[in-house]
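Quick notes on the structure that follows.
The values are calculated or read from the model by the stated rules, or taken from the named source; none is laboratory data. The structure displayed is predicted, hence computed values, not measured ones. Glycine also receives a Cβ, built like all others from the backbone with ideal geometry; neighbour counts cover every protein chain displayed.
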Amino acid sequence: MQKIIFITVCVLTAFILSCGNSGTGQPCVTAFDCTDGQVCSDGMCIDGNPSSSTSEEDVNGGDDVSDGNSELPDAGNDVHDGEKNDSDNPTDTPETPDAPDTPNDSDAENPETPDTPNDSDAENPETPDTPNDDDADTPETPDTPNDNDSTEPVSDSDIVSDNDTEPVSDFDNMNDNDTEPVSDFDNMNDNDAEPVSDFDNINDNDAEIIDDSDSETNEDDPYADWDTSPDDEVCPYVMNECINPITDFGCLPAMASEFPDHCDGLDNDCDGKVDEGCYCEVGQTQPCFKGKPNQRNVGICQDGIQTCAVGSDGKTGTWGDCTGGISPKQDVCDNADNDCNGCIDDGLCCNPPVNCSYDIGSAIPFTDKIINGNQIYDTSHLFNDAATAHWEWTLTKGPCDIVLNKTSFTTKGATTEAGLAGAGAASTIVSGTGLSWFKVNFQLSGSYTLHLKVTRTNGEVYECEWILRVVSDGLRIELCWDTTGAHLSGGRDLDLHLGKNGATEDVYGTCNDYTGWTEDTACSYLNCRNDDWDVSGWGYADTASGKNPRLDIDNIHDVGKPENINVDNPNNGDTFRVLVRLFPWSTISDSSEQYGGDVNTHPVVNVYCGGTLKATYGVSPQYILKNEDDSWKVVEIKWVGGVGSDECQLTPNLGIVSGNVPFYDNW
Ligand SMILES: [Ca+2]
Ligand SMILES: [Ca+2]
Ligand SMILES: [Ca+2]
Ligand SMILES: [Ca+2]
């Protein structure tokens, strides 16, 4: 029994001392069996310091009750010296207070996460964050072109010639001011340093490796020699670059009506209609251009004509179609600016075989107009085949030709100028092999479209088109109507009368002088033909064209023939009146010609001043002459500007009177 108690005490004691120091020495049961400073552990006296396996937890912050000694206060934070925190161990040394731990300090305790760029701690000062620096800390918006930040290492390739700093040319060919390390090869004859010729053969000042190969000396004019000194040049490159093309064609936004601000003969809104909605006086004509405003009179583009007709309400005038003239077309290789952009054959060729810019001039009524096609088609420069090419000359009809459904002019073609001798035929077309010479004789003024088509033996086709204007000096009145021909065939004879204010005449030798607006002072079939003339009371001298004034065509019963009166050189302020009369067939001496049934006749009168068409009256269907002596008071004309002028003031009357000739004193 006693032995059991002893073991129990020993175990209990050992348990209590299980955190004590370890040591070696004599056997013991309790510390009382050992020397000072030792304790009894596992039956052996050992030194009083605790072992690593039996650490003393100085949890009370003061004396260790197990050793019984008075100890110094624990310094704290000492976890690395391997000793207890008391002062009773001789080897223990006073410790310095440990500085407060800070994040990411460099001591070895508290292992830290690796430092990262641009974190927000204070150790490792960092450079200020910048946009687009590609570091990972600050998510950035995607870089945008030309944002002017300073960190773009290469060109942004935006080819807009912006001001960012591009380390290489942007190759935009815009001749901007960026520093292009190489030529932009734009062939624009700009001032950039092109390392090679631009091969444009324009004789500019760049150093061209080749000249234009025309073997001639006039390098300042690429066209001066093209029809006179042939060479064998083969066009090696696209030529005739457009240096200053028209880029602003002047088109305005779409308008429902060009009235009232744009009544100017132009299609201002570029919808294909000229002066739509504009008011006009019935019969009035105006030059018009069917193209974009800024192309008017550029290149081959020329005005046409439009006439004011009665509108859909039967009263007010409205402009009809713009007819005639030349509108922009696709440019072709013909030495003409067909698309009217200010540049001839831009980018098409260097040596056009046909010269459509050749000036064919104008024509005069009743005078042969001769055109030498060898001046147009380059017969020697490339082909030398004028004699074998097929030539086709075509003329459009004039206003009265359309009314009369007749060709009022004659044409003729020939292989030589001498071959043109003799009368031509009333035909709008002349065609045949080698017909390079062309002749036309007009009876009527106006603007005719002439078209030339040359077809080579190899099938190549070259074409040109011009407006051929037939003009005469002074005042010219032209009458045509739709019922020409013999009375018994339904034809009707209209007569044109032109009165002059203040004129005097002694007709029929009766010594009866008539003054002012009377039939007897008017110019008509009765007194005004070259071969039967007595209009001396008008006071005009004869001219090279004949009597003045004169009825240069009279038609009684010829099908498709007009009637004209000309005053070659009116004076400023001279005033005239135009009247059309349906001749009374019952007075015809040949009874077989006296009647052909009731027929409605539609007259048309064109008024030209100085060769310019000023008005076309009768285009509206209400002007009908039907019965004997029916007369149409057409217009009063006041000449402005004297000899050589093309100005006149027109005051239309357009009244129809029937049954009795009113002539001029009852206007
Ligand atoms: Ca328009
Ligand atoms: Ca207009
Ligand atoms: Ca052009
Ligand atoms: Ca052309």
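The figures follow:
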quantity	calculated
Hits in the range 324-343 - residues which are within 16 Å of ligand 2 (Cβ to nearest atom) and either more than 17 Å from Ile467 (Cα to Cα) or crowded, with 20+ Cβ neighbours inside 10 Å (or both)	Gly325
Output for the range 387-410, where each listed residue is β-branched (Val, Ile, Thr) and crowded, with 22+ Cβ neighbours inside 10 Å	Val403
Residue count, the range 283-329 (criterion: of a type in the set (Phe, Trp, Tyr) and modelled with pLDDT of 95 or more)	1
Complete set of residues in the range 323-339 that are away from ligand 1 (no atom under 16 Å from the Cβ) and assigned to a loop (DSSP other than H, G, I, E, B)	Gly324, Lys329, Gln330, Asp331, Val332, Cys333, Asp334, Asn335, Ala336, Asp337, Asn338, Asp339
Selection count where residues are assigned to a strand (DSSP E or B), touching a Gly at 6+ places or on another chain (Cβ under 9 Å) and away from ligand 3 (no atom under 16 Å from the Cβ), scope the range 270-318	14
Criterion: of a type in the set (A, V, I, L, M, F, W, C) and within 16 Å of ligand 1 (Cβ to nearest atom) - qualifying residue of Cys242, Cys278	Cys278
Test result for Val580, over 48 Å from the mean Cα position of the chain (by Cα) and within 26 Å of Asn666 (Cβ to Cβ)	yes
Residue within the range 367-380 that is within 16 Å of ligand 4 (Cβ to nearest atom), among the β-branched types (Val, Ile, Thr) and touching a Gly at 6+ places or on another chain (Cβ under 8 Å) present	no
Filtered residue count, the range 244-296, keeping only those that are small (Gly, Ala, Ser), surrounded by fewer than 15 Cβ atoms within 10 Å (Cβ to Cβ) and touching a residue at least 60 places away in the same chain (Cβ under 8 Å)	0
Condition met for Cys349 (under 18 Å from Thr449 (Cβ atoms) and near ligand 4 (Cβ under 9 Å from one of its atoms))	no
Residues of the range 297-314 classified as surrounded by fewer than 21 Cβ atoms within 10 Å (Cβ to Cβ) and within 16 Å of ligand 4 (Cβ to nearest atom), total	1
Residue identified as within 16 Å of ligand 2 (Cβ to nearest atom) and surrounded by fewer than 22 Cβ atoms within 10 Å (Cβ to Cβ) among Asp321, Asp346, Asp368	Asp321
Residue in the range 333-351 that is free of Cβ contacts under 8 Å to residues at least 60 places away in the same chain, more than 16 Å from ligand 3 (Cβ to nearest atom) and in contact with a Gly (Cβ under 6 Å, 6 or more places away or on another chain) present	no
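Here is a yes/no grid of residues against (1) assigned by TED's automatic domain parsing to the domain that holds Leu479; (2) closer than 28 Å to Asp473 by Cα; (3) part of a strand (DSSP E or B):
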{"position": "Gly596", "(1), (2), (3)": "yes, no, no"}
{"position": "Val619", "(1), (2), (3)": "yes, yes, no"}
{"position": "Gln622", "(1), (2), (3)": "yes, no, no"}
{"position": "Val634", "(1), (2), (3)": "yes, yes, yes"}
